[in-house]
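The values are calculated or read from the model by the stated rules, or taken from the named source; none is laboratory data. Small disclaimer: the values here were computed from a predicted structure and weren't measured. Cβ coordinates were reconstructed from backbone atoms using ideal geometry, including for glycine residues, and neighbour counts include every protein chain displayed.
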Amino acid sequence: MLKHIVMWKLKEGEQKEQNALTVKELLEGLVGKIPELKKAEVGININGSDTAYDVVLYSEFDDEAGLAAYQSHPEHVKVGEFMKEIREKRTVVDYIL
């Protein structure tokens, strides 16, 4: 089982809260559309610290090949294009249990 965790710091502005909600909806909407994506949880930050990120994705795949298929899937690519427009920073970690 491969765990894939991504955190984003979103650009500041009046759309920041709405963008976080949109990201959550888009990412959770990939479950069932991309067979390799076994599980996805998206959280919106409630911590007011300057060091906190705004949105986090926790997802599971069978293996690295499954993650690669997910990352190149057209539905994921569409979400990624939106993310590039609204994010300031991105951090990721992948690990196998």
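Being under 11 Å from the mean Cα position of the chain (by Cα) and closer than 25 Å to E12 by Cα is the filter here, so list the residues in region 55-81 that pass it.
Result: V55, V56, L57, Y58, H76, V79, G80.
When region 1-50 is examined, which residues are found to be over 28 Å from D62 (Cα atoms), part of a loop (DSSP other than H, G, I, E, B) and acidic (D, E)?
Passing the criteria: E12, E14, D50.
Between a residue in region 65-82 that is closer than 10 Å to L37 by Cα and any residue that is modelled with pLDDT of 95 or more and assigned to a helix (DSSP H, G or I), which pairs come within a Cβ distance under 8 Å, given they are 6 or more apart or on different chains?
Note: pairs meeting the criteria are Y70/H76.
Among the listed residues I34, I96, I46, which satisfies the condition of being exposed (fewer than 10 other Cβ atoms within 10 Å of the Cβ) and either modelled with pLDDT under 95 or closer than 20 Å to M1 by Cβ (or both)?
I96
Looking only at residues that are of a type in the set (F, W, Y) and without any contact (Cβ under 8 Å) to a residue 60 or more places away in the chain in region 10-61, which one is nearest to K78 (Cα to Cα)? First the steps, then the outcome.
Just the residues of region 10-61 that are of a type in the set (F, W, Y), to begin with: 53, 58, 61.
Applying the additional criterion that residues be without any contact (Cβ under 8 Å) to a residue 60 or more places away in the chain yields 53, 58.
Details: Y53: 22, Y58: 19 Å.
Taking the candidates together, the pick is Y58.
If the requirement is being of a type outside the set (A, V, I, L, M) and touching a Gly at 6+ places or on another chain (Cβ under 6 Å), which of these qualifies: E12, E36?
Working: E12 fails: touching a Gly at 6+ places or on another chain (Cβ under 6 Å).
Checking each option against the conditions leaves just E36.
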